[in-house]
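Single-structure report; data block below.
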Amino acid sequence: LHAKALQELDDVQDTKRLGEWRVAYLGKKSELTTLSKQMGQLDAQTRPLFGQLLNERRQALEGAFTSKRESIEAAEQNARLAAETIDITLPGRHRDVGAVHPISRVIRDIEDIFLGMGFMIADGPEVETDRYNFEMLNLPKDHPARDMQDTFYITEELLMRTHTSPMQVRTMEQMHPHAPIKVIVPGRVYRRDEDDATHSHAFTQIEGLVVDKGIRMSDLKGVLEAFAKALFGEHQRVRLRPSYFPFTEPSAEVDLVCVHCQGHGCRVCKDTGWIEILGAGMVHPRVLDMAGYDSSIYSGFAFGMGPERIAMLKYGITDIRQLYQNDLRLLRQFAKV
Ligand code: PHE
């Protein structure tokens with residue numbers, strides 16, 4: 001039996017079989033253990049001799065077991081180390097590096113500029129109520145200017161916001177009665193427009209709002225001028241043209257000196273030397289009053305601009321749809337800039 005046990009142990013190659021071997025030859029049900037238990041039946045003379053023999057056998061088997069275990073463990077360790085070896089001469093796997101989308105870049109640049117002037121950044125819902133998108137902005141149900149922005153209605157009262165201007169009202173209600181308010185709100189807006197080179201049914205706006213005592217039109221112009229210089233360079237100038245929005249009075253459309261021809265006239269500015277970048281104006285007294293800021297004490301200005309327009313100007317993109325198609329040939333160009 002002893003020889004058979006050692007012979008079998010010799011063949012064992014892994015930890016699992018080693019465990020089985022131990023159970024078979026050294027375990028509770030092994031022959032060795034059974035014999036030890038039966039020793040009591042032997043007479044007093046043979047018992048110590050037999051006991052000694054069993055002990056020697058047990059020790060020999062345990063010794064053989066221990067050295068076998070050590071050699072198996074060493075072998076398994078070596079196998080593991082070999083399997084985990086990293087071949088540092090293998091070429092690496094190529095991974096594409098992501099790029100910040102041009103619209104996001106423009107939004108971040110603009111946020112940085114206004115943060116530097118002490119503005120907060122806020123965020124508002126894209127599904128808006130008729131009340132915030134229109135009524136509270138001095139656009140009652142029958143107002144003809146509602147046609148300026150063809151609307152995606154969800155229900156009679158719910159719609160996809162057509163501009164970020166509802167956030168003027170939401171911000172004033174939230175800040176009330178705190179002043180000053182200085183906030184910009186980037187976000188997506190929706191209009192029932194046919195998509196073409198210059199129109200998209202979904203696009204981005206950045207709203208701006210300042211409310212305090214004694215805010216004047218010259219403050220609006222100063223902020224926009226500082227903004228234009230920060231975004232397009234120190235030589236930039238802005239021009240305000242009279243315009244109409246129901247929620248501002250007076251209202252203006254704001255032009256930049258054309259960034260391509262520096263005002264000399266080119267295709268981009270249709271030879272006018274100027275490019276329109278945003279709508280703006282002094283917050284209409286009715287809008288202030290409805291939002292809880294007494295228009296006999298407070299005044300403010302607001303503006304709304306289109307990051308798509310600015311991205312197209314900045315990066316020479318001629319078709320707005322290119323900003324939404326996610327063509328890698330366009331997006332890759334922004335990976336390293
Ligand atoms: N909400 C206007 C638009 O979408 C832009 C605007 C914002 C005009 C704020 C004046 C003041 O066209």
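The values are calculated or read from the model by the stated rules, or taken from the named source; none is laboratory data. Just so it is clear, the model here is predicted, and its values are computed rather than measured. Using ideal geometry, Cβ is built from the backbone for each residue, glycine included, and neighbour counts are taken over all protein chains shown. SASA here: full protein model, heavy atoms, side chains in, ligands and nucleic acids out. Shrake-Rupley method; radii C 1.70, N 1.55, O 1.52, S 1.80 Å.
Here are a few things to note about the model shown:
- Couplings 3J(HN,Hα) of the range 262-273, computed from phi: 6, x, 7, x, 7, 4, 4, 9, 6, 6, 8, x Hz, in residue order, whole Hz [Karplus 6.51 cos²θ - 1.76 cosθ + 1.60, θ = phi - 60°; x for Gly and Pro].
- Compactness of the range 275-337 as Cα Rg over 2.2 N^0.38 Å, two decimals: 1.77
- Residues whose placed amide H lies under 5 Å from that of Cys258, excluding near-sequence neighbours: Gly263, Trp274, Ile275
- The mean of 1/r over all pairs of different alpha-carbon atoms in the range 74-154, once inverted, gives a Kirkwood hydrodynamic radius of 19.7 Å.
- Solvent-accessible surface of the chain, taken per residue with a 1.4 Å probe and all protein chains present: 58 Å².
- Rh by Kirkwood over Cα pairs, then Stokes-Einstein D for the chain at 0.692 mPa s and 37 °C, µm²/s: 124 µm²/s
- Applied to the range 318-324, the Karplus parametrisation 6.51 cos²θ - 1.76 cosθ + 1.60 on θ = phi - 60° returns per-residue 3J(HN,Hα) values of 9, 10, 4, 5, 4, 6, 10 Hz, with x for Gly and Pro.
- Evaluated over the chain, the count of Lys pairs having alpha-carbon atoms less than 30 Å apart is 29 (only pairs 8 or more residues apart or interchain).
- A cut-off of 5 Å between modelled amide H atoms, ignoring neighbours fewer than 5 places along the same chain, links Ala252 with Ser243, Ala280, Gly281.
- Each residue was assigned an accessible area with a 1.4 Å probe, and for Asp193 the value is about 60 Å².
- Helical segments meeting 20 Å axial Cα length and Kyte-Doolittle 0.0 threshold in the chain (DSSP H): 102-116, 217-232
- Loop trypsin sites (Lys or Arg not before Pro), the range 250-296 (other Cβ atoms within 10 Å of the site Cβ: 16 or fewer; DSSP): Arg267, Lys270
- Exposure rank, largest accessible area first [Ser296, Ser30; 1.4 Å]: Ser296, Ser30
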